[in-house]
Amino acid sequence: MSNATPTVFVVDDDISVRESLEALIRFEGWQAETFGSGQDFLARPRMFSPSCLVLDVSLPDLNGLDLQKVVAADRNEMPIIFITGHGDVPMTVKAMKAGAVEFLEKPVDSDALLDAIRSALERSFATLDRESETQSLRDRYALLSRREREVMTLVVSGLGNKQVGFKLGISEITVKAHRGKVMRKMNVDSLADLVKTSVRLRSITQTSARTAFR
């Protein structure tokens, strides 16, 4: 992810705004894609690379605040910067509480916008890195057999090989063999690292469960 060229998406129904922002964004070395409506933007397939969204509040079909809800639910790696020609305090507060990086009034100050974009892209890089690490951890855990998972659970709970063997009805030598495979598959070098990995897995599972029931 660190070498990927970020993309800045712009959604604004004013073509002159889209063109000027596209030129500014490309001049900074980022990729730029512009859309005249929220629906046009949502029709574009999701991309899993660093990005952010510069979004006008007032749009002809789906307004900016409603589009923010969709993006926040489905594309959490894409922070949003709002721009508006007639913003007010309640609208700004609502947008910022929902996770917007910045809320800028038109005509937008170029330096302020570029600073906001840099901040948003840093957040996007960090989110994608976390998601990549999470998926890698899940993939490694998926390689474990049922018995290896049982051994891992008991080992990280603090039991020694002999105690694990007694609980599972297997020999201490067999426990050591399973434990070695667990360490290799989970790509850890010590029991302390395995415990940390287990805690991280448990946190991921709990977070996924909470999200599923929202």
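Bear in mind that the values in this text are calculations on the coordinates, not laboratory data. Given the structure is predicted, the values throughout are model-derived calculations rather than measurements. Positions of Cβ are backbone-derived with ideal geometry, glycine not excepted, and every protein chain shown enters the neighbour counts.
Listing for the model above:
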quantity	calculated
Per-residue [θ]222 nm for the chain (sum of -39500 (n - 2.57) over DSSP H runs n ≥ 4, rounded to 500)	-19000 deg cm²/dmol
Segments 190-196, 71-77 sorted - mean Cβ within 10 Å per residue, highest first	71-77, 190-196
Chymotrypsin sites (Phe, Trp or Tyr not before Pro) within region 133-214: DSSP coil, no more than 13 neighbouring Cβ in 10 Å	213
Candidates per GluC sites (Glu not before Pro) in region 9-60, loop by DSSP, up to 16 other Cβ within 10 Å	28
Net charge of Cβ neighbours under 10 Å - reference residue 14; Lys, Arg +1; Asp, Glu -1	-2
Within region 15-83, chymotrypsin sites (Phe, Trp or Tyr not before Pro) in DSSP loop having at most 14 other beta-carbon neighbours inside 10 Å	48
